[in-house]
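This report concerns only the one structure given below.
Quick note: the coordinates plus some simple rules give every number you see, no bench work behind them. Everything numeric here is computed off the predicted structure, so don't read it as measured data. Methodologically, a virtual Cβ is constructed for each residue, glycine included, from the backbone with ideal geometry; neighbour enumeration extends over all protein chains shown.
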Amino acid sequence: MVSMREMMARFDNTLSLVTQIISGFSLMIICLASIVIVSSVLAYERQERKKNSVIMSFGLPKRTCLHINLIEWTITGGIAATGAMASTWLAGILIYQSQFSLPYTPDFIWLGTTLLVIMSIVIIIGHLASRNSLNSSIRELLME
């Protein structure tokens, strides 16, 4: 007969293993997402420069281009964060139901914090990567 203490130890070990696997998977996703963001910005830098030159040729300041970039990256970060959180939520439901026969109730404060962190990281990486497209003068940008 298995004691309750031994069952709880097995459960804790299994839950610890699942947490470690999910954390490692999340770290890989973060690294790959950063690479994709930087490479996409570098691939579309010429188009970004043209877009910025058109905006600045109408007399609008560089700050307006920066705001547009921040809006674009906020939407991109929101989509990425929502997808990541929905996937995590679905994985949590499936793991808890299939492995432990328990209902899954996520911590909404933790999810909200995760949403803000992911969006902040995407916005910062995107802003730093696309900042180079604003460093040229309007004449240089229009010459391209």
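Of all residues in region 36-71, those satisfying the criterion of being of a type outside the set (D, E, K, R), assigned to a helix (DSSP H, G or I) and free of Cβ contacts under 8 Å to residues at least 60 places away in the same chain are Val36, Ser39, Ser40, Ala43, Gln47, Val54, Ile55, Thr64, His67, Ile68, Leu70, Ile71.
Every residue, every condition in (1) touching a strand residue (DSSP E or B) at 6+ places or on another chain (Cβ under 7 Å); (2) exposed (fewer than 12 other Cβ atoms within 10 Å of the Cβ); (3) within 30 Å of Leu134 (Cα to Cα); (4) polar (S, T, N, Q), yes or no:
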position	(1), (2), (3), (4)
Ala9	no, yes, no, no
Leu17	no, yes, no, no
Leu27	no, yes, no, no
Thr82	no, no, yes, yes
Gly92	no, no, no, no
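I'd like the full set of residues that are surrounded by 12 or more Cβ atoms within 10 Å (Cβ to Cβ) and in contact with a Phe, Trp or Tyr (Cβ under 8 Å, 6 or more places away or on another chain), limited to region 96-110. So that I can check it myself, show each step before the final result.
Within region 96-110, the first condition is being surrounded by 12 or more Cβ atoms within 10 Å (Cβ to Cβ), and the residues that meet it are 96-97, 99-100, 104, 106.
Selection gives Tyr96, Gln97, Phe100, Tyr104, Pro106.
Kindly establish whether Thr76 is under 21 Å from Val41 (Cα atoms), of a type outside the set (A, V, I, L, M), assigned to a helix (DSSP H, G or I) and without any contact (Cβ under 8 Å) to a residue 40 or more places away in the chain. Don't jump to the end; show me each part of the working.
On the way: under 21 Å from Val41 (Cα atoms): yes; of a type outside the set (A, V, I, L, M): yes; assigned to a helix (DSSP H, G or I): yes; without any contact (Cβ under 8 Å) to a residue 40 or more places away in the chain: no.
No.
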